[in-house]
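A quick write-up on the structure given underneath.
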Amino acid sequence: MADHRNIRELDLTELKAYFEAIGDKKFRAMQAYEWLWKKNARSFDEMSNLSLDLRKRLAEDFSFNSIKVDITQQSADGTLKSRFITHDGHLMEGVVIPTEKRNTACVSSQIGCSLSCKFCATGQMDRKRNLHFDEIYDQVAILNEQSLAHYGTPLSNIVFMGMGEPLLNYKNVNRAIERITSPDAMGMSPKRITVSTAGVAKMIRQLGDDEVRFNLALSLHAATDEKRNRIMGINETNNIDALVDALNHFYQKTKNDITLEYVLLRGENDSLEDAEELVKVYRKIPTHLVNVIEYNQVEGIHFTKSDEDSTQAFTDYLAGKRVNVRVRRSRGKDIDAACGQLANK
Ligand code: SF4
């Protein structure tokens, strides 16, 4: 009766029904469930308190679509980048960024990306497919194991800022976060999770309607439609006014944090006029923070990072207008692990 259903699609009740149907004891279901979600097993072989025969039977009846680490590189600044391989041979990447107070995992939500933002390495690749919820979960579990092994402490934060647009893989991202935050699985606080979007207004509203408990970051990167259309094609169908409305809706419904992300590109969006426009957008959104991000050079892309003086003048201007601004310096540049550089190299 091989149905080859993905075993991680089953909830505990369905697992119990399965064990009963094959004439085994119901408590075996609990043991298997713990292997899946508490001990983060990634194969039936690891389930050592189940008999060999039972493990064999499970492998006959179900698939286990776990991901594997292909290679891991460590940057001079301690950042770890891993390339993962999926059960059907696709590659994608995840990063752990250690700082004094926190270890943040940056995870991917899709293989490639369909949005083609002009400054981003992932955007130069085609979107192959969405990641399934259990693949996203595996990524976080593996990065957590790496965090413990390399820095002695588990992940404290997770950001969905790796490859792909998370809100175009809405169901799987939400389902993965449900597992990551569930007490019967990883049990992380949703307040430590941030989903970053290039700006899909309809799905931002949906997050509000679904009353999610995690935080949201908008990759704004330009504060007028004219400029934003030029560097982020998605703005043509999701303009700044639509995003402002959607973010206000999200905040009204959830009261969760909203951050604006703004990567500084030399001569493109880093003038004082750009800063002035950014202040106008900031005032319309219930956001508490603007992260100004240092751009990382990407091979084959003509943008360069803003120079020190312009960066300073830009952030001084914002601070002078009482904008809560933080500069995010690049991490993991030497291994292409920095923001916008993920491209399976
Ligand atoms: S910045 Fe994000 S949404 Fe834009 S192309 Fe890169 S991965 Fe896709």
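Once Lys and Arg get +1 and Asp and Glu get -1 on their Cβ, which of Ile111, Leu207, Gln341 lies farthest toward the positive end of the dipole of the chain?
Leu207
Would you calculate a helix-derived [θ] at 222 nm for the chain, using -39,500 (n - 2.57) for each DSSP H run of n ≥ 4 and dividing by the full residue count, to the nearest 500?
The helix contribution divided over the chain gives -10500 deg cm²/dmol.
If I histogram all Cα-Cα distances within the chain using bins 20 Å wide from 0, what percent of pairs lands in each bin?
Percent of Cα pairs in each bin: 30, 54, 15, 1.
Place +1 on the Cβ of every Lys and Arg and -1 on the Cβ of every Asp and Glu in the chain, take the dipole about the Cα centre, and give the residue among Asn49, Ala176, Asn6 whose Cα lies farthest towards its positive end.
Highest projection toward the positive end goes to Asn49.
Between rounded, prolate and oblate, where does segment 5-63 land on the alpha carbon gyration tensor, with a ≥ b ≥ c its root eigenvalues, rounded for a/c under 1.5, else prolate if a/b exceeds b/c? Could you put the intermediate results ahead of the total?
Numbers: a/c = 1.27, a/b = 1.12, b/c = 1.13.
Rounded is the answer for segment 5-63, as its axis ratio a/c remains below 1.5.
With a point put 7 Å past each Cα toward its Cβ, work out how far Glu273 is from Arg326 in nm, to one decimal.
Each label point lies 7 Å from its Cα, and together they span 3.1 nm.
Report the gain in length on full extension from Asp184 to Glu211: 0.36 nm times residue separation, minus Cα-Cα distance, nm rounded to one decimal.
7.6 nm
Starting at the first residue of segment 99-107, write each ³J(HN,Hα) from the Karplus equation 6.51 cos²θ - 1.76 cosθ + 1.60 with θ = phi - 60°, in whole Hz, x for Gly and Pro.
10, 4, 9, 8, 10, 10, 9, 10, 10
Excluding same-chain residues fewer than 8 positions from Lys305, which aspartates and glutamates have a Cα within less than 13 Å of its Cα?
Within the straight-line limit of under 13 Å, Lys305 reaches these aspartates and glutamates: Glu268, Asp270, Glu294.
Which distance in Å, rounded to a whole number, links the C-alpha centroids of segment 297-337 and segment 131-167?
Centre-to-centre distance over Cα atoms comes out at 25 Å.
Give me P(r) over segment 194-270, computed from all C-alpha to C-alpha distances, binned every 10 Å, as integer percentages.
21, 51, 24, 4
What does the charge count near Lys345 come to, summing +1 for each Lys or Arg and -1 for each Asp or Glu among other residues with Cβ under 10 Å from its Cβ?
-1
Can you compute the FRET efficiency between Arg5 and Thr99 using 1/(1 + (r/R0)^6), with r the Cβ-Cβ distance and R0 = 56 Å? Round to the nearest 0.05.
According to the calculation, E is roughly 0.85.
All other residues with a Cβ under 11 Å from the Cβ of Ser271 taken together, and with Lys, Arg as +1 and Asp, Glu as -1, what is their net charge?
-4
Among Lys81/Lys101; Lys16/Lys56; Lys118/Lys191; Lys191/Lys255, which pairs are too far apart, with a Cα-Cα distance over 21 Å? Please list the in-between numbers first.
Details: Lys81/Lys101 19 Å; Lys16/Lys56 18 Å; Lys118/Lys191 31 Å; Lys191/Lys255 11 Å.
The pairs that break the limit, which is 21 Å between Cα atoms, are Lys118/Lys191.
Percent relative contact order of the chain, based on C-alpha pairs within less than 8 angstrom and at least six residues apart? Present the calculation step by step, with values, prior to reporting the outcome.
Values: 664 pairs, mean separation 50.1, N = 345.
Taking the mean separation of contacting Cα pairs over the length of the chain, I get 15 percent.
For the chain, give the magnitude of the charge dipole about the Cα centre (Cβ charges: +1 Lys/Arg, -1 Asp/Glu; no others), in debye to the nearest 20.
660
Cut-off under 16 Å on the C-alpha distance; same-chain residues fewer than 8 positions from Lys253 excluded. Which aspartates and glutamates are left, in chain and number order?
Within the straight-line limit of under 16 Å, Lys253 reaches these aspartates and glutamates: Asp209, Asp210, Glu211, Asp245.
Evaluate E = 1/(1 + (r/R0)^6) for Ala313 and Lys25, where r is the Cβ-Cβ distance and R0 equals 51 Å; express this FRET efficiency to the nearest 0.05. Please report the intermediate quantities before stating the final value.
Numbers: r = 69 Å, r/R0 = 1.36.
Between Ala313 and Lys25 the formula returns 0.15.
Please report the Cα spread of segment 1-142 along all three principal axes, rounded to whole Å, starting with the longest.
57, 35, 23
The numbers here are math on the coordinates, done by the rules we state, and not lab data. What you are looking at is a predicted structure, and each value in this text was computed from that prediction instead of being measured. We place every Cβ from the backbone using ideal geometry, glycine too, and count neighbours over all the protein chains shown.
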